[in-house]
Amino acid sequence: MDLGQHPALREQQTCAHELDEQPIADRVPGVDSPEWTTFALIVATYVLWSMALFWLTPVSVLLAVLVTGVLAALHSSLTHEVLHGHPFRSRHLNEALMALPLTLAIPYNRFRDLHLAHHLDANLTDPYDDPESNYLDPARWHALPRWKQRLLALNNTLAGRMVLGPVIGQASFMAEEWRLARGGDRAVLLAWALHLPGMAVVLWIVALSPMSIWAYICAAYLGLALLKIRTFLEHRAHEKARGRTVIVEDRGPLAFLFLNNNYHVVHHMNPGAPWYALPGLYQKGKMRYLAVNEGYVYRSYAEIFRQHFWRAKDPVPHPLWRRG
């Protein structure tokens, strides 16, 4: 199935009139497939990852872990590009480029299916229907034991999200995957059947390198922690679906690491646009994007760190949740 025809994206495209958005082909001149910039970045990421394992580790294990963690996060950002149909028109070729799961954590097929379902903007932040929501149904929240409430409240600070978020998110994800697998969900079973060999290859390469498996697991965890900076406040509870998606006007290292997905409302309104087109789209239609998302904007990631490193931005229970 062509990614552009995925049901979640079809449904999102039918909602485009609510966002007053034009088709992507009308707004990104000069962007063709293949996208050699993205392909070159994918190749460079794998090359630098290999160099960090084999050449940098003998120099400094700590530095190698830090560099490998950053590259694992970049690889995850590139995986996001691939599931949106980049850099080639061939879905199979694109997905073959992501055969090695450098963060080890999430099967590509599951990331693809859950993320594309997340692109149904009408469901954003829904505790049940948005696969990437960090909110809970208030009834479920109040039923949790006190220790778990405290843990999740800590996870709602940026510091907590980076330190605890990867393990909390993975545990929740694995519990749901196990439930679906036990129920015979073929998509889940296929995703893990493809993921486990790829993970084994990654660990085999690591085993051949001077880096220990434990050091690599730390690097993979660091990569996931870095990604939590991006996802920390991408979406907020808001009555209007179009007001739920953030803009972070950052052009620094983190913006590159996240492949400009900090212009998140631009990405949601233009899911087919490649990463390098997002800043230009935002600058061209800045006032319109700010009006669409009800001014949900931060000037930089430094501002986010200052405001929310130790202080939660949102409650865990969805503040606007209404049953039925």
Margin query: I'd like the full set of residues that are on the phi < 0 side of the Ramachandran plot and not in a helix (DSSP H, G or I), limited to region 265-300.
Written below: N270, P271, G272, A273, P274, G285, N293, Y296, V297, Y298, R299, S300
Notebook entry, point to check: Does at least one position in region 47-58 carry a residue that is surrounded by fewer than 18 Cβ atoms within 10 Å (Cβ to Cβ), under 20 Å from W275 (Cβ atoms) and at pLDDT below 95?
Noted result: no
Margin query: Being of a type in the set (S, T, Y) and closer than 27 Å to L120 by Cα is the requirement here; does Y221 meet it?
Written below: no
Note to self: Among (1) open to solvent by less than 10 Å² (accessible area, probe 1.4 Å); (2) closer than 18 Å to H119 by Cα, there is one condition R244 misses while meeting the rest; what is its number?
What the structure shows: (1)
Notebook entry, point to check: Can you name the residue in region 180-202 that is among the charged types (D, E, K, R) and under 16 Å from D113 (Cβ atoms) and, of all such residues, is least open to solvent (accessible area, probe 1.4 Å)?
Noted result: D185
Item checked: Among (1) within 21 Å of A72 (Cα to Cα); (2) open to solvent by less than 20 Å² (accessible area, probe 1.4 Å) - the single one T231 does not satisfy -> (2)
Next item on the list: Could you run through region 286-316 and say how many residues are surrounded by fewer than 17 Cβ atoms within 10 Å (Cβ to Cβ) and either modelled with pLDDT under 95 or not hydroxyl-bearing (S, T, Y) (or both)?
Entry: 20
Checklist line | Selection from region 282-311 of residues that are over 20 Å from the mean Cα position of the chain (by Cα) and of a type in the set (A, V, I, L, M) | finding: M287, L290, A291, V292
Checklist line | V163 vs. criteria farther than 26 Å from V82 by Cα and open to solvent by 40 Å² or more (accessible area, probe 1.4 Å) | finding: yes
Notebook entry, point to check: Mind checking which residues of region 103-147 are aliphatic (A, V, I, L, M) and either in contact with a Leu (Cβ under 7 Å, 6 or more places away or on another chain) or farther than 30 Å from W49 by Cα (or both)?
Noted result: A105, L116, A117, L120, A122, L124, L136, A139, A143, L144
Next item on the list: Identify all residues within region 260-272 that are surrounded by 22 or more Cβ atoms within 10 Å (Cβ to Cβ) and within 24 Å of V70 (Cα to Cα); write none if there are none.
Entry: N260, N262, Y263, H264, H267
Item checked: Candidate set: region 83-120, residues that are among the aromatic types (F, W, Y) and part of a helix (DSSP H, G or I); chosen: the one surrounded by the most Cβ atoms within 10 Å (Cβ to Cβ) -> F111
Check: Pick from region 206-228 the residues that are out of contact with any helix residue (DSSP H, G or I) (no Cβ under 7 Å at 6 or more places or on another chain) and part of a helix (DSSP H, G or I): which of them is least open to solvent (accessible area, probe 1.4 Å)?
Finding: I217
Next item on the list: Filter the helices (runs of 4 or more DSSP H) completely within region 121-188 down to those with at least 1 residues that are of a type outside the set (G, A, S) and more than 26 Å from R244 (Cα to Cα).
Entry: 146-154, 165-182
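The values are calculated or read from the model by the stated rules, or taken from the named source; none is laboratory data. None of the values given here were measured: they were computed from a predicted structure. Please note: Cβ atoms are built from the backbone with ideal geometry, for glycine as well, and neighbour counts cover all protein chains shown. SASA here: full protein model, heavy atoms, side chains in, ligands and nucleic acids out. Shrake-Rupley method; radii C 1.70, N 1.55, O 1.52, S 1.80 Å.
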